[in-house]
Amino acid sequence: MTNSDIEAAYQKLRPDRAGQAEAFDAIGDRYDEAFPHKEGQLSAGEWLTGALRPGSRVLDLGCGTGVPTSLQLADAGFDVVGVDLSRRMVELAGGYVPAATFHRLDLAELRPGGPRDLGRFDAVAAFFSLLMLPRAEIPLALRTVHHLLVPGGLFVLSMVEADVDDFRIPFLGHTIRVSGYLRDDLRRVIETAGFEIVREDSYTYAPAIADVPPEEQVFLCCRRRD
Ligand SMILES: C[S@@+](CC[C@H](N)C(=O)[O-])C[C@H]1O[C@@H](n2cnc3c(N)ncnc32)[C@H](O)[C@@H]1O
C-alpha cells in the first residue's frame, strides 16, 4: 500500500470518533482501577526494554493514563512520546510520567503525509488502542505504525480476541465502539501490514468491575520487516 493509497483510503473511510474520546475523558483514573494486574502488558514492555538501546525513541500510541507503559519505558531510560485522543488521558499521563512527552491527537493524524509529524521511532507500543478503530481502519493504522518506525523497528500491541467490528459495548458507565479479530485473522492483518511476529502471549483477563466481562487478551511482539 503506497502513501497515496493510505491517504485515499482515509479520505474514503472518514472514521467516526464520536463518543470515543468523550468516554475516556469521563473515565479518567477509573480506567486503571478497573483494569489492574497488567502482567501481559508489562511483560511485552520488558521485551522492548531488553531489545532496545538506552535513549531509544519509543511511541506509546493511545497511551491512556501513561500507566503502566509510558512509565515503564521512561523508567527504562527511553525517550518516550505518548499520544492519545482523550484530552483527560493526556493530562493524567503528563502528571504520572513527567519524564515523557504527551500529545493530544488522533493516531490517524500521524499517517504518512498526514497533518502531524512526530518523526521516526525505534519502537511503537499500542496496547488496547487499535481495538477502538473500525476494522476497515486497522490496516491503515498498522501501515501508519510501519511508517513511524525506523527499518527493523519494534512494535508491541495487544488486542482482545473477538470477532467484532465497530461493536458498541457498555464500558464503565459509557458506551464505546470496539473491533477485534480471531487470533489467526489478527496475525494475518499484522503480517500483511509488513511486520514479523516474533512473540505471542495470551491471557484470560477478568477486569475488576462488573460491567466488563472476562476477555482473552493477545499480546504480540513484532519487528518491522521491510
Ligand atoms: C483501552 S485504552 C488503553 C490505554 C493504554 N494503552 C493502556 O493500555 O492502559 C484505549 C486508549 O486509546 C485511546 N484512543 C482511542 N482512539 C484513539 C485514536 N484514534 N487516536 C489516539 N488514541 C485513541 C483512548 O482515548 C484510550 O485512552
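The numbers here are math on the coordinates, done by the rules we state, and not lab data. Computed from a prediction, not measured in an experiment: that's the story for all the values here. All Cβ positions, glycine included, derive from the backbone under ideal geometry; neighbour counts span all protein chains shown.
When the Gaussian network model of the chain links Cα atoms closer than 10 Å, the mean-square fluctuations of 108, 93, 208 top out at 208.
Full extension of the chain segment joining residue 166 with residue 75 gains 29.3 nm, where the gain is 0.36 nm per residue of separation less the Cα-Cα distance. A straight chain from residue 136 to residue 199 at 0.36 nm per residue would run longer than the Cα-Cα distance by 20.2 nm.
Here is how the number arises for the chain: DSSP H runs of 4 or more residues each give -39500 (n - 2.57), the sum is divided by the residue count, and the result at 222 nm is -9500 deg cm²/dmol. Among the trypsin sites (Lys or Arg not before Pro) in segment 1-110, those located in a DSSP loop and surrounded by at most 16 other Cβ atoms within 10 Å of their own Cβ are 17.
Here residue 29 and residue 104 are evaluated by their C-beta separation; at R0 = 22 Å the FRET efficiency comes out at 0.80. Under a 5 Å amide H cut-off, with hydrogens placed 1.01 Å from N, residue 153 pairs with 224 among residues at least 5 apart or on other chains. Rounded to the nearest 5, the antiparallel percentage of DSSP beta bridges internal to segment 3-224 is 55%.
Placing unit charges on the Cβ atoms of the charged side chains and taking the dipole of segment 3-224 about its Cα centre, the candidate lying farthest along the positive direction among 195, 96, 73 is 195. Placing a label point 7 Å from the Cα of residue 53 along the Cα-to-Cβ direction, the residues of segment 123-156 whose backbone N falls under 18 Å of that point are 123-124, 149-155.
Cα centroids of segment 83-118 and segment 128-194: 18 Å apart. Phi-derived couplings, Karplus 6.51 cos²θ - 1.76 cosθ + 1.60 at θ = phi - 60°, listed residue by residue for segment 74-86: 5, 4, 7, x, 8, 8, 9, 10, x, 10, 7, 6, 8 Hz, with x used for Gly and Pro. The HN-Hα couplings worked out from phi for segment 89-98 by the Karplus form 6.51 cos²θ - 1.76 cosθ + 1.60 (θ = phi - 60°) are 4, 5, 4, 4, 4, x, x, 7, 10, x Hz, whole numbers, x standing for Gly and Pro. Using R0 = 22 Å, the C-beta based FRET efficiency linking residue 216 and residue 22 works out to 0.20.
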